[in-house]
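Okay, so here's the structure we're looking at.
The values are calculated or read from the model by the stated rules, or taken from the named source; none is laboratory data. Values in this document were obtained by computation on a predicted structure and should not be read as measured data. As a convention, Cβ positions derive from the backbone with ideal geometry for all residues, glycine included, and neighbour counts pool all protein chains shown.
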Amino acid sequence: MPTLTQPKVSKAILIASIVFITACSSSSIKEKINKAGDVAGQTAGEFIEGAVKGAKKAFDVTLVTPETLKEKGVEFGKATVSSDSAGTDNMLILYVIFNKDFEGKLTAKAYDQQALEMGRAMITVSGKAGEARFVEFHFDKRTNIGSKDKLTIE
């Protein structure tokens, strides 16, 4: 029975490699690889988006506003908790909508899960009817607003 010598084996491996590389360089293989990469990228993107939404839902705080502010023409839109340069989750970013001319002070108070006050921040705002903007309430750096905490605006 004939046996393959070393040079013949190497030559066979070289030919098989060339055939494989040539086959992989065809446009249909490339398209399939690109399609698989696209699907994997979409899946990863959807996972990340879902994780971000889940984390945001888990970190939604309760915001309570008195009717007296609405009567004065002040309403609130989006509210988020963030960190300033001095602390962790100690800043309330609030979108304020002015339905009437307003000038005055707003006080934000933070309460923990046991309804104990743990921080307050005051700002002066003014706006004309029809205006709206984001404002920031900076709490003490030791105020860490958690996902189950409550915030009030007065």
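Provide a single number: the residues in the range 122-143 that are among the basic types (Lys, Arg) and part of a strand (DSSP E or B).
1
Among all positions in the range 122-136, there is no residue which is crowded, with 18+ Cβ neighbours inside 10 Å, within 25 Å of the chain's Cα centre (by Cα) and on the phi < 0 side of the Ramachandran plot. Residues in the range 52-74: is at least one part of a strand (DSSP E or B) and modelled with pLDDT of 90 or more? Yes.
Out of Thr143, Thr88, Thr152, report the one residue that is out of contact with any strand residue (DSSP E or B) (no Cβ under 9 Å at 6 or more places or on another chain), on the phi < 0 side of the Ramachandran plot and surrounded by 12 or more Cβ atoms within 10 Å (Cβ to Cβ). Step by step, each of Thr143, Thr88, Thr152 is checked, and only Thr88 is out of contact with any strand residue (DSSP E or B) (no Cβ under 9 Å at 6 or more places or on another chain), on the phi < 0 side of the Ramachandran plot and surrounded by 12 or more Cβ atoms within 10 Å (Cβ to Cβ).
Annotation: of all residues in the range 101-121 being surrounded by 13 or more Cβ atoms within 10 Å (Cβ to Cβ) and assigned to a loop (DSSP other than H, G, I, E, B), the one that is modelled with the lowest pLDDT is Asp112. For beta carbons closer than 6 Å, sequence separation of 6+ or different chains, a first residue in the range 76-88 that is within 15 Å of Asp149 (Cβ to Cβ) and a second that is assigned to a strand (DSSP E or B) and among the charged types (D, E, K, R), there are no qualifying pairs. Applying a threshold of 7 Å to beta carbon distances and a minimum spacing of six or more residues, or different chains, the list of pairs starting in the range 123-145 at a residue that is touching a residue at least 12 places away in the same chain (Cβ under 8 Å) and closer than 17 Å to Lys78 by Cα and ending at one that is part of a strand (DSSP E or B) and of a type in the set (Ser, Thr, Tyr) reads Ala132/Tyr95; Phe134/Tyr95.
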